[in-house]
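What follows is one structure encoded as structure tokens, with my remarks underneath.
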């Protein structure tokens, strides 16, 4: 899924330690100058540089772009020589020889599937600071921030596999027809507001239609792929029986514009 930058801004500003304000914003000419050295940067990371310039995501320091004429060995700069190693570009590091986070250059993730819905986004891997082993983290820089925010809130990767997969690309989705799938900065508050854990244990409110109906999925069990639509004032335990089935492919449904049954 293409990263939603409006929701990404909301996520950052609702997450302590993410970004340090516009004072550090990097001008476009300097971003282009950096790209001339390390290659094209993914759109959501470029957006971060232009909006925030530098900052942290959890305990990881995110690389910035140095001022004009700065040396390539400036540690904080994404152009520092040690950051680019083959098709890996290290854009974030945890302190004290901790884990590093790298873009996999030249490979398109789900957020950049060649359809124009996120072209230019690179998958993110974590390189263990102890043994150097790599592990997949996200499908975009926006997904990296979303995953970090989710884990900092105790949400692990997400409430179920479908939402976790979405969060690896974008911190939620808000479509023109009003369908809103929540990111980790909203999902807990919305579930508490509508008392979903009390009235529908085993279910999670993953979004709404902006018209009074909620979109719910199971947290546990064999069927954690189906989305059901139910009035937010009528949430009850048997969501599948009381609500209307919407889809069993959350990402495919969102890519298709999230048509809602009548």
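Miscellaneous remarks
- Members of the stretch 145-182 that are more than 18 Å from residue 6 (Cβ to Cβ) and in contact (Cβ under 8 Å) with a residue 40 or more places away in the chain: 148, 151, 152, 159, 160, 161, 162, 163, 165, 168
- Residue match in the stretch 141-151 (condition: at pLDDT below 95 and either farther than 23 Å from residue 52 by Cα or in a strand (DSSP E or B) (or both)): no
- Residue within the stretch 130-142 that is free of Cβ contacts under 8 Å to residues at least 24 places away in the same chain, closer than 25 Å to residue 13 by Cα and touching a helix residue (DSSP H, G or I) at 6+ places or on another chain (Cβ under 9 Å) present: no
- Scanning the stretch 181-202 for residues that are surrounded by 19 or more Cβ atoms within 10 Å (Cβ to Cβ) and under 13 Å from residue 232 (Cα atoms) gives 191, 196, 200.
- Residue that is surrounded by the fewest Cβ atoms within 10 Å (Cβ to Cβ), among those in the stretch 148-166 that are in contact with a strand residue (DSSP E or B) (Cβ under 8 Å, 6 or more places away or on another chain) and within 26 Å of residue 249 (Cβ to Cβ): 160
- When 174, 145 are checked against the criterion of being closer than 19 Å to residue 11 by Cβ and surrounded by fewer than 23 Cβ atoms within 10 Å (Cβ to Cβ), 174 stands alone in meeting it.
- Evaluation of residue 67 against (1) closer than 26 Å to residue 128 by Cα; (2) without any contact (Cβ under 8 Å) to a residue 40 or more places away in the chain (one fails), failing number: (1)
Residues are listed down the side, and each one gets a yes or a no for (1) on the phi < 0 side of the Ramachandran plot; (2) in a loop (DSSP other than H, G, I, E, B); (3) surrounded by fewer than 15 Cβ atoms within 10 Å (Cβ to Cβ):
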residue	(1), (2), (3)
49	yes, no, no
67	yes, yes, yes
89	yes, no, no
97	no, yes, yes
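- Only one of the listed residues (171, 197) is at pLDDT 95 or above and part of a loop (DSSP other than H, G, I, E, B). That residue is 171.
- Here is the figure for the stretch 228-262: residues that are surrounded by 15 or more Cβ atoms within 10 Å (Cβ to Cβ) and touching a residue at least 40 places away in the same chain (Cβ under 8 Å) total 7.
- Residue within the stretch 51-62 that is surrounded by 15 or more Cβ atoms within 10 Å (Cβ to Cβ), without any contact (Cβ under 8 Å) to a residue 24 or more places away in the chain and outside any helix (DSSP H, G or I) present: no
- Residue satisfying condition, being assigned by TED's automatic domain parsing to the domain that holds residue 139 and within 20 Å of residue 127 (Cβ to Cβ), within set 36, 50, 68, 92: 92
The values are calculated or read from the model by the stated rules, or taken from the named source; none is laboratory data. Fair warning: this is a prediction, and the values are worked out from it, not measured in the lab. A quick note on method: Cβ atoms are made from the backbone with ideal geometry, for glycine too, and the neighbour counts reach across all protein chains shown.
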